[in-house]
Amino acid sequence: MTTPDAQAPPAAGRRRRNTTAGARRRRLTRYGLRTRLVVAFLLVAAVSCGTTAALTYRAARNAILEQTQDTAVSHFRDQVRGIGYSLPVDRENLQQSVLTIARQAKPHPWVVFAEYGTMRISSGTRPTSTVLTPELRRTALARPHGSFQRVVSGGTPYLTVAIPTTFKMDETGAGAIRPTGLVFFAVMRLEDEEAEVRAMVLAARDGALPALAVALVPALLAARSVLRPVRDVQRAARHMGQGHLDTRIQVKGGDELADLARTFNESAARLERSVEELQSAEARARRFASDVSHELRTPLAGMLAVTEVLDEDAGGLDPDTAAAVRLISAETGKLAVLVEDLMEISRFDARAAELNTDEVDVAETIRRTLIARHWTDPERIVTHLPDGIRARLDPRRFDVVVANLVGNALRHGRPPVTVRLITTGGALVVEVTDRGPGIDPEVLPHVFDRFYKADPARGRSAGSGLGLAITLENVRLHGGTVRAGNGPAGGAVFVVEIPLRTGEGESTP
Amino acid sequence: MPRVLLIEDDPSVREGVELGLRRRGHEVRTAATGEAGLAALGEFRPDLLLLDLMLPGMNGVQVCRRVREDSQLPIIMLTARGDDFDVVVGLEAGADDYIVKPARTEVIEARIRAVLRRLEAPGSGRPAVEFHGELAIDRTGLTVAKSGERIALAPSELKLLLHLSAAPEQVFSRQQLLEHVWEHSYHGDARLVDACVRRLRHKIEDVPGSPRYIQTLRGFGYRFGPL
């Protein structure tokens, strides 16, 4: 039965393993792709070099040693069989035989030993050899065709061969072969073979190092061929991020990197297509608003021209008809304003709004705006308009800005409304303040939104609902900003800031 | 009351404006196309032409040019705001003023009156004919001659020249000229002034590119002279 408690430790252990694996991956990714590719390439080259060298070494070494071994064993066997001896073993005869065999050494000189019971005879200086192992002595008696063993003693490699002498039980030659008990041993130094093998190791090492150095070149080339497309993709992605959606990568070849480039291109094309669709949908929506306004304008032009007739004649009609006629007349006027404002907004949206600037006296311009709308009662409007501030403005648009802000303050705030003109560090600032309750902080971010209603229950305001949005666009067109906020003593504050520009301009007379 | 020829293709605007103006005592003749309007011109002999810019077939600008070929009839264009390019082209073609549709009849009539209004007669002590260089300006007969040759000026051109030359070397801002010559608001469209100055220079200056009579003061406005 597994309990959650029992499961917990392994899970924790796995998590720890994962984090260490993650750390390792992070350590790896710290190095560049080029470094990793080159290292991997060299590693593969080193492993294959090493493996090849090791296999070759082993095969060659075995071939060399086996050849020596085989020669020595068969030759020794022939020598041993070739001499005659009689039983019981005669020490003198045996000594002769040993010396004879010792002279016939092949392929290297050997020292021959003969052992029979306790008798020890040798061709060398000592009667027996220290390199002969008990193991060889044991197998020598078991294998009548001889056995051998490679022994390293005192740093020198030796080949030891043992050949037992045998006799047949009967003279017909069909009987079993029996050892006589007399065994010949040959001890041969293998120094030459060892030297040959060592030379091979050196050759393998000396060959592998330049091979690794040479492998560096294809490694770098491979890294480059991988990295170039990767860099292309990176550059293209950055370019796309900067808004150039028509960016494409040149596809070369048919490998995975070409696939990557192709995938990138396809994604880019899809992205471009959907952005285009979005843009054209937006353009269609804007054109629709603009077209609707245009279409409304023509009938309105006819209607607005005759509202006067309605107003004048309403007095002679019966009261209900008169009220209806006056309503139509009044609403026609409002509708005309609304349609004009909609047209203005669509021109801003289509970036078709033009700035026709002129160098003007700003105080005079503001004063004229107030006078034109009969906002001259000092109880309701207080102005601080220092003379002598000249700026390049579009007088019509600036008039709209000031009129909308002051009109808004008179409508929603409480008088007196203060209009203050100041200049600060290269900007002209117009501040419109009222003494009303101010703007609800929740409403504040939306005051410049189109058709935004602070109080949904209040319904239609006196304006079109586009006044402040148009104000914002007009100020922006001048390269300026407009902010709404609440003053320290309560009351809404609208601040327009427009960069002061004078002198040269396109439409200076 | 002035006689007004209205060329407007849209029936509701045509009827509405005609009704409004007739109620105010104007004698109004209407035409739905430029061709019909030009045909009505000789027979009706209007005091003023109200001309829609967007007409099927021959458009308002072409009508305006055709009229200006042999007549200094006051012309007011009817346009929609935003058709800025058309306004400029129309003004270059010789229109004296423009009205943005939709407009109330009182606004249309105010413009008609402003364009038709004569400038105040010269004060006493001023000669009837003033000479400025080669220009001879007759403030009573409202004629201008250059080197003895009569120059045909459209109403707005004549009024602008009379206004500027009444106070030689005095600088008038474009807003001031808009108010006094066109009776527009201070914040009106200064392109009216610029277009009219260009047309006037074309007619009275020896080299319109380097004017002697109507001079520009960058950043301030225009002045007459000094010669």
Please name all residue pairs, on different chains or six or more residues apart, with Cβ atoms under 8 Å, provided the first residue is in the stretch B:18-37 and is at positive phi and more than 10 Å from chain A (Cβ to nearest Cβ) and the second residue is among the aliphatic types (A, V, I, L, M) and outside any helix (DSSP H, G or I). B:25/B:1
Could you grab me the full set of residues in the stretch A:271-300 that are modelled with pLDDT of 90 or more and within 22 Å of residue A:333 (Cβ to Cβ)? A:300
Note on the stretch A:108-150: residues modelled with pLDDT under 85, part of a strand (DSSP E or B) and among the β-branched types (Val, Ile, Thr) are A:121
I need the strands (runs of 3 or more DSSP E) fully contained in the stretch A:329-410, keeping only those with at least 2 residues that are within 13 Å of chain B (Cβ to nearest Cβ) and over 30 Å from residue A:309 (Cβ atoms). A:358-361, A:390-393
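Quick check on my filter: what residues within the stretch A:230-254 are in a loop (DSSP other than H, G, I, E, B), surrounded by 12 or more Cβ atoms within 10 Å (Cβ to Cβ) and not hydroxyl-bearing (Ser, Thr, Tyr)?
Pass one, the stretch A:230-254, residues in a loop (DSSP other than H, G, I, E, B): A:242-254.
Subset that is surrounded by 12 or more Cβ atoms within 10 Å (Cβ to Cβ): A:244-245, A:247-249, A:251-252.
Hits for the stretch A:230-254 are A:244, A:245, A:248, A:249, A:251, A:252.
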Would you mind stating whether residue B:136 is modelled with pLDDT under 90 and more than 13 Å from the chain's Cα centre (by Cα)? no
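Going by the conditions given, is residue A:202 closer than 29 Å to residue A:54 by Cα and either in contact (Cβ under 8 Å) with a residue 60 or more places away in the chain or not assigned by TED's automatic domain parsing to the domain that holds residue A:132 (or both)?
So residue A:202 fits the description; yes.
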(1) at pLDDT 90 or above; (2) closer than 28 Å to residue B:205 by Cβ; (3) within 14 Å of chain A (Cβ to nearest Cβ) all hold for residue B:78 apart from (2)
Could you check the stretch A:194-229 and list, in sequence order, the residues that are surrounded by 15 or more Cβ atoms within 10 Å (Cβ to Cβ) and of a type in the set (Val, Ile, Thr)? A:197, A:226
Give the residue that is surrounded by the fewest Cβ atoms within 10 Å (Cβ to Cβ), with candidates limited to residues of the stretch B:45-78 that are closer than 22 Å to residue B:10 by Cβ and polar (S, T, N, Q). B:62
Here, helices (runs of 4 or more DSSP H) confined to the stretch B:149-227 with at least 3 residues that are away from chain A (no Cβ under 14 Å) and either over 15 Å from the mean Cα position of the chain (by Cα) or more than 21 Å from residue B:89 (Cβ to Cβ) (or both) are B:155-166
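From the list A:379, A:308, A:331, A:364, exactly one residue is on the phi < 0 side of the Ramachandran plot, out of contact with any helix residue (DSSP H, G or I) (no Cβ under 7 Å at 6 or more places or on another chain), not hydroxyl-bearing (Ser, Thr, Tyr) and not assigned by TED's automatic domain parsing to the domain that holds residue A:426. Which is it?
Checking each option against the conditions leaves just A:331.
Within the stretch B:129-146, can you find the residues that are of a type in the set (Gly, Ala, Ser) and not in a strand (DSSP E or B)?
Listed by number, the residues that qualify are B:133, B:141.
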Kindly evaluate residue B:109 against the criterion of being within 14 Å of another protein chain (Cβ to nearest Cβ) and within 16 Å of the chain's Cα centre (by Cα). yes
With the structure loaded, tell me whether residue B:202 is free of Cβ contacts under 8 Å to residues at least 24 places away in the same chain and buried (at least 21 other Cβ atoms within 10 Å of the Cβ) or whether it fails that test. no
Could you tell me which numbered condition residue A:89 fails, if it satisfies all but one of (1) in contact with a strand residue (DSSP E or B) (Cβ under 6 Å, 6 or more places away or on another chain); (2) outside the structural domain of residue A:183 (by TED's automatic domain parsing); (3) of a type outside the set (Lys, Arg)? (2)
Can you tell me which condition residue B:187 does not meet? The list is (1) in contact (Cβ under 8 Å) with a residue 24 or more places away in the chain; (2) in contact with a Pro (Cβ under 7 Å, 6 or more places away or on another chain), and all the others hold. (1)
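The values are calculated or read from the model by the stated rules, or taken from the named source; none is laboratory data. Remember, predicted model here, so these are calculated numbers, not experimental data. Note: ideal-geometry Cβ built from the backbone for every residue, glycine included; neighbour counts use all protein chains shown.
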